[in-house]
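Just below is one structure, and these are the notes that go with it.
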Amino acid sequence: MLRSSVVFLTCFHPLDKEHYMAKPTKNSSAAPRINIGISDKDRAAITGELSKLLADSYTLYLMTHNFHWNVTGPLFNTLHNMFMAQYTEEWNALDSIAERIRALGHYAPGTYREYAKLSSIAEPDSVPDALEMVRMLVKGNEAVAKTARAAFDKADAANDQPTADLLTQRLDVHEKNAWMLRSLLQ
């Protein structure tokens, strides 16, 4: 016994958008307003400080990586490895800072021009000797710590625990890095 099946296909004219386009609902294209218990004013102030932290962190990352590539002298192996550990950690932290800025509803800076305006860290004009690299990285880590501390005050005042936690972690890393680098100079 042979069975036949008949399938009915409904075809719509390509210009008949009503049948195949999603219909927008009221305000469907507008994202809901951020309502996380932190005012717009406080979120703007916090992200302003986090943007400075991102710029300082990126500048320090780049300087550390540059010094890793270019260090020479009797401390080469020690510094080469230390710088690699530090720039790797710094690189991984950049995403957390930028994502926190986004979570607070603002765009993260991401260009060299923006970082140059926001960063408090001076870049070297040439490749310094090994001990000057260490001195510059001490200052760079201390600068990032100061920037994180300023941001912490704003986050704490706004009761923004996730940002405060992120900043506490960054303070711990940069203060420890500064101490370890400073110890090489004593």
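Each of 176, 154 has some number of other Cβ atoms within 10 Å of its Cβ, and from fewest to most they run 176, 154.
Our Cα-only numbers for region 68-153 put the radius of gyration and Dmax at 15.0, 48 Å. Determine, at each q value in 0.15, 0.20, 0.22, 0.28 (inverse angstroms), the log₁₀ of I(q)/I(0) that the Debye formula gives when each Cα of region 118-186 is one equal point scatterer. These q points yield log10 I(q)/I(0) values of -0.55, -0.81, -0.90, -1.15. Give me the base-10 log of I(q)/I(0) for region 38-183 at each q in 0.15, 0.20 Å⁻¹, Debye formula, one uniform scatterer per Cα, rounded to two decimals. Taking Cα atoms of region 38-183 as identical point scatterers yields -0.71, -1.14. A Förster radius of 35 Å, combined with the Cβ-Cβ distance separating residue 113 from residue 40, puts the computed FRET efficiency at roughly 0.85.
Across region 38-183, Cα pairs under 8 Å and at least six residues apart give a relative contact order of 34 percent.
Listed from fewest to most Cβ neighbours within 10 Å, the set 121, 46, 36 follows the order 36, 121, 46. Among 126, 120, 51, sorting on how many other beta-carbon atoms sit within 10 Å of each Cβ, with the fewest leading, yields 126, 120, 51.
None of the figures in this text is laboratory data; all of them are computed from the coordinates on show. These figures come from a predicted structure and were not determined experimentally. Cβ atoms come from the backbone with ideal geometry, glycine included; neighbour counts cover every protein chain shown.
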